[in-house]
Amino acid sequence: MKKMTAVLITLLLSGCSLFITGAYLGKDWPGRDVDALIDHWGEPNEVIVSDGGEKEVIYKLFSDTCTYTFYADSADVITDYDYESTWLGTCKPIG
């Protein structure tokens, strides 16, 4: 009975995160402006600018266990993103 209760509590605490992927936090940003991303997410941990003006805007989330990198063209429009997790292979929030 205690094991069953523990399983139920774990499922309740994980909530909706069971139904989303690590891509969830980045999927709506391609096509939008980098400034809108920064307004929404706050200051990035790092911004790398290439010689051609393209940018990599990097955020480290969840105690640095998840890194989202947004790629922008020289007009500051986000073209793509990537995520990498160092914990359980997922970048999804818990809860």
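Residues in the range 32-44 that are assigned to a helix (DSSP H, G or I) and surrounded by fewer than 11 Cβ atoms within 10 Å (Cβ to Cβ): D35, D39, H40. Taking each residue of the range 29-43 that is under 18 Å from D82 (Cα atoms) and looking for partners that are assigned to a helix (DSSP H, G or I) and not β-branched (V, I, T) with beta-carbon atoms closer than 8 Å, six or more apart or interchain, yields W29/L37. Entry remark, the range 44-53: residues being under 17 Å from D80 (Cα atoms) and within 15 Å of the chain's Cα centre (by Cα) number 2 in total. Keeping to the range 65-80, report how many residues are at pLDDT below 95 and either closer than 9 Å to D33 by Cα or part of a loop (DSSP other than H, G, I, E, B) (or both). Number of matching residues: 1. Here is the figure for the range 45-64: residues that are in contact (Cβ under 8 Å) with a residue 24 or more places away in the chain and outside any strand (DSSP E or B) total 1.
The values are calculated or read from the model by the stated rules, or taken from the named source; none is laboratory data. In this text, all values refer to a predicted model and were calculated from it rather than measured experimentally. Here Cβ is always computed from backbone atoms with ideal geometry, including for glycine, and neighbour counts include all displayed protein chains.
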